[in-house]
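Heads up, the thing below is written out as structure tokens.
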Amino acid sequence: MSNAGRAKKILAAASFALLLALALCPMAQAYDDDTVIRVGLSYSRGAQPAFNALADKGYIIGYFEGDEFYEVGTLSNRYVAFCTDTMLYTSGRTVTSSSSGGDIVFKPYHLEVERDFDSIEQAQDYIAQVRDQGYSGEIFPAYLRGVFRVCIEHYSALEYASEDVQNIMQYTMGDSVTPVGGESDVITVVDLNDFYIAAEIAAPQGCWPAVKAAGEGQTLKNSLYYYNGAFEFRRLSGGDITFLNTLPLSDYLKGVLPYEMNGDWPLEALKAQALCARSYVLYNLGRHSNYDICNSTHCQVYYGTAKETELVRQAVEETKNEIVTYQGKVVSTYYFSSSGGYTESAKNVWGGDDAPYCAAVPDPYEDQDAITHFSETVTLDELTQLISSWNTGIDRVADCYVSTYTEPAHNVYAVTFVGENGKTYTISGCDNVRIKLASLVKSPRFDILSGGLSLYVNDGEKLPSGTLTAITADDVLVQTPSIPYVITAQGVQQVQRSENSDGTLTFSGSGLGHNVGMSQFGAKGMAEQGYSYRDIILHYFTGVEIRRLTEMG
């Protein structure tokens, strides 16, 4: 580490190779809860020209080389934006590259003083001397690929900077100045209180600029959320900034749990969620080419420290380094809100190769009063409009029905539409059905009723369909299908679909999500009944083991 300006190493972690995208993913001993991971914080928006940040006690600026953070210096500024080295505009306290945002306040070209400094403090001392010479314009320190420099003024073009060389040199005490700017690897730090350039940084080749919050136990804020660890800024191919939160796995998990599960739920449910979240992220590390995992539902929802609770912290700590494995390898531990009574196999939901640990299992533990129940009635004309963009060959829908249920779960695998022109169109795959019919259903556990279904008890009271429960032979209360089974003289039979008497179809069911893996409401129910987090995991994932990362070879 011979570059000038490299100071003490303040954060280190074992480097790791990206996991291969296999059905089962091998783990190495280098992985544990202290492993540093990179979370893309702008997945849904993509790379951006600028990101706002807040650190109550200022920033430690530096760069990452692999997983090691090297400190360059500190900035006392509290509220700043990290920006590309381009033309920048302001709109309120937001920096943008769009000229419609407001007046031009920051231009990408500067005059760089031809003198090296040993630290940012020395550069700031030099800036004070230039001020003493009478200069009152833009001037700021810069760390550029291992060297500290001072930059003066800002211009919209290099030629304008060149024309101003002699004017600026009257303040630099004999030091030459050189036009620079518009560089593809530079991050410009803009103060958003007084609107001036506070610093610029370009890390040594192959490294990435980053900042940490100054002060013990301090966090960094971006938009509405506070984060542990560091913010890292990558300008890939010289474009806009890919914005990352770089932090230990344990801190990441504490920012996932309360957004994926209520942070005040029973501890054992949260511990099961911690195992799912930890196993899921380790299995899916490297899912994105430029960082390990994103912060949206595409991977796992993660918004930093805002919703951390003592129970969340306890759940992560008490399951430290524990993961879910199948045949000695970490698995992708899927989870969802509620199943409505029975989970589903990954193969039936998404197709592809079977994942034996994600088999369909009965789910009698969900609180039926708390989970999602849905019932949507549509006319045939409305259904025709819904499928109009699917290229079905159907002119107008005359009927629609569930053509295939899964076994043994009895979730919906295929739905068939019948047209007045006699043509039919079928959508299949549990999740494809759920997504295609998202305006009508919330899970693959539903039935389609023609003209409605009415159920009556002995005294004539009419009951709503889709909300009935029954007691099993094991005295377990479970929800019945929307079209229930009844005992007749011919034995147990399911109520038959009626003719469509009023031109409507009702989609009625329960549950929320894709139904693969762990039901979160089921985990809550199991915890409330005294089951441990291990019991929960072993119920929802077939044939798995719970192992510690430190045991993995």
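Couple of notes before you dig in:
- Residue selection: Thr404 satisfies the criterion of being within 29 Å of Cys358 (Cβ to Cβ) and at pLDDT 95 or above.
- Residue check for Ile127: open to solvent by less than 40 Å² (accessible area, probe 1.4 Å), part of a strand (DSSP E or B) and at pLDDT 90 or above: no
- Residue match in the range 6-28 (condition: in contact with a helix residue (DSSP H, G or I) (Cβ under 8 Å, 6 or more places away or on another chain), at pLDDT below 90 and of a type outside the set (A, V, I, L, M)): yes
- Residue check, Val324 aliphatic (A, V, I, L, M), part of a helix (DSSP H, G or I), touching a residue at least 24 places away in the same chain (Cβ under 8 Å) and open to solvent by less than 10 Å² (accessible area, probe 1.4 Å): no
- Single residue of the range 157-183 satisfying the filter (assigned to a loop (DSSP other than H, G, I, E, B) and without any contact (Cβ under 8 Å) to a residue 60 or more places away in the chain) that is least open to solvent (accessible area, probe 1.4 Å): Thr172
- Filter pass, Asp116 being at pLDDT 95 or above and surrounded by fewer than 16 Cβ atoms within 10 Å (Cβ to Cβ): yes
- Single residue of Arg38, Arg45 found to be part of a loop (DSSP other than H, G, I, E, B) and of a type outside the set (Phe, Trp, Tyr): Arg45
- Under the condition of being on the phi > 0 side of the Ramachandran plot and open to solvent by 50 Å² or more (accessible area, probe 1.4 Å), the residues counted in the range 391-406 number 1.
- Qualifying residue in the range 289-310 (condition: farther than 21 Å from Thr246 by Cα, crowded, with 18+ Cβ neighbours inside 10 Å and at pLDDT 95 or above): no
- Leading residue by the ranking (farthest from Gly229 (Cα to Cα)) among those in the range 241-288 that are open to solvent by less than 10 Å² (accessible area, probe 1.4 Å) and part of a strand (DSSP E or B): Ile241
The values are calculated or read from the model by the stated rules, or taken from the named source; none is laboratory data. A quick note: this is a predicted structure, and the numbers were derived from the prediction, not measured. Methodologically, a virtual Cβ is constructed for each residue, glycine included, from the backbone with ideal geometry; neighbour enumeration extends over all protein chains shown. What goes into the accessible areas is simple: the full protein's heavy atoms, side chains included, and nothing from ligands, DNA or RNA. Shrake-Rupley method; radii C 1.70, N 1.55, O 1.52, S 1.80 Å.
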